[in-house]
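We did not get these values from a lab; they are worked out from the coordinates using the rules stated. Not measured: the values here are computed from a predicted model. For neighbour counting, all protein chains shown are included, and Cβ atoms are generated from backbone atoms with ideal geometry for every residue, glycine included.
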């Protein structure tokens, strides 16, 4: 069983120019490989993001998994021996409505598609309605074994739902990897960093989070260890790579000192009551 895994988080301004986005990704993949990383986490909408238009404007850019974006991600993954997580818009199979797509996290290892995660929590908040043009997924995110370390995945707005991350932990995730295009706004940057740190602390797990940086997205891609110590912050750099090593001995030490997962009383089932109308 591996005792460590080096992971890089890439940050760049995804635009509506797919070729430029892929060029940025290629640069980040090369840098990650040179740094000795095995994994590269990229932002949500890494394929295409028209920052000056509503979400629905990007649906027309959606591709199938046989399209040029996935083909190039597979090539880079194979060339550099990387596991790459990259956000993209995927065409709905057999969908008659061309105005809808899936928001997915493409997961590729050494040139092969190993999984995809269809975003389940759509961003219907802060006067935005992602669900107007994106169809939500209905399956939990995967937890994948990468060289002996278990990594769970999520997308952007998922971050506000701690129960999802606990489900990943229940599947033995040691690392929580997030791909995002976290929108700017009042207190939004503070929410982003606070929630990332909270997910690390409450789950005593590593958190690696990639965010797009643009006039619409905050950037601030970050890495936290299982005690909530920040190991990296990309700030608002246009093309940035931050890297840290998952250390299983550190993980074990934190979970011994703070055994909150072991102390859970899961036999005491919570009673969930719906909020009153208008709450």
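Of the residues 219, 228, 94, the one that moves most in a GNM of the chain with alpha-carbon contacts below 10 Å is 94. Taking 58, 81, 67 in turn, the Gaussian network model of the chain (Cα-Cα springs below 10 Å) assigns the largest fluctuation to 67.
Just to check, using Stokes-Einstein with a Kirkwood Rh over alpha carbon pairs, what's the diffusion coefficient of segment 174-279 at 37 °C and 0.692 mPa s in µm²/s? The Stokes-Einstein estimate is 212 µm²/s.
Do me a favour and compute the ellipsoid semi-axes for segment 197-239 from its Cα gyration tensor, root of five times each eigenvalue, largest one first, whole Å. Show your work: numbers first, answer last.
Values: eigenvalues 99, 17, 8 Å².
Semi-axes, largest first: 22, 9, 6 Å.
When you work out D = kT/(6 pi eta Rh) for segment 37-186 at 25 °C and 0.890 mPa s, using the Kirkwood radius from C-alpha pairs as Rh and the Stokes-Einstein form, the result is 156 µm²/s. Comparing 212, 130, 174 in a Gaussian network model of the chain where C-alpha atoms under 10 Å apart are linked, the largest mean-square fluctuation is found at 130. What is the distance in Å between the Cα centres of segment 1-31 and segment 198-214? Here the two parts' Cα centres lie 17 Å apart. Only DSSP H runs of four or more residues enter the estimate; each adds -39500 (n - 2.57), and after division by the residues of the chain the mean residue ellipticity at 222 nm equals -7500 deg cm²/dmol. The calculated FRET efficiency for the pair residue 6 and residue 171, based on their C-beta separation and a Förster distance of 25 Å, comes to about 0.65. Debye sum, Cα scatterers, segment 4-257, no solvent: what log₁₀ I/I(0) at q = 0.08, 0.12 1/Å? Scattering profile of segment 4-257, log10 relative to I(0): -0.26, -0.61. Between residue 126 and residue 272, what FRET efficiency comes out of the Förster formula 1/(1 + (r/R0)^6) with R0 = 22 Å and r the beta carbon distance, rounded to 0.05? The computed FRET efficiency comes out at 0.30. With all pairs of different C-alpha atoms in the average, the Kirkwood value for the hydrodynamic radius of segment 144-201 is 12.0 Å. Per residue, the convex hull spanned by the alpha carbons of segment 218-279 comes to 151 Å³. Note on residue 247 and residue 34: with the Förster distance fixed at 22 Å, the Cβ-Cβ geometry gives a FRET efficiency of about 0.55.
For segment 98-156, the alpha-carbon coordinates run over 41, 24, 16 Å along the three principal axes, in decreasing order.
Over the chain, Cα pairs under 8 Å with separation of 6+ residues give a relative contact order of 20 percent.
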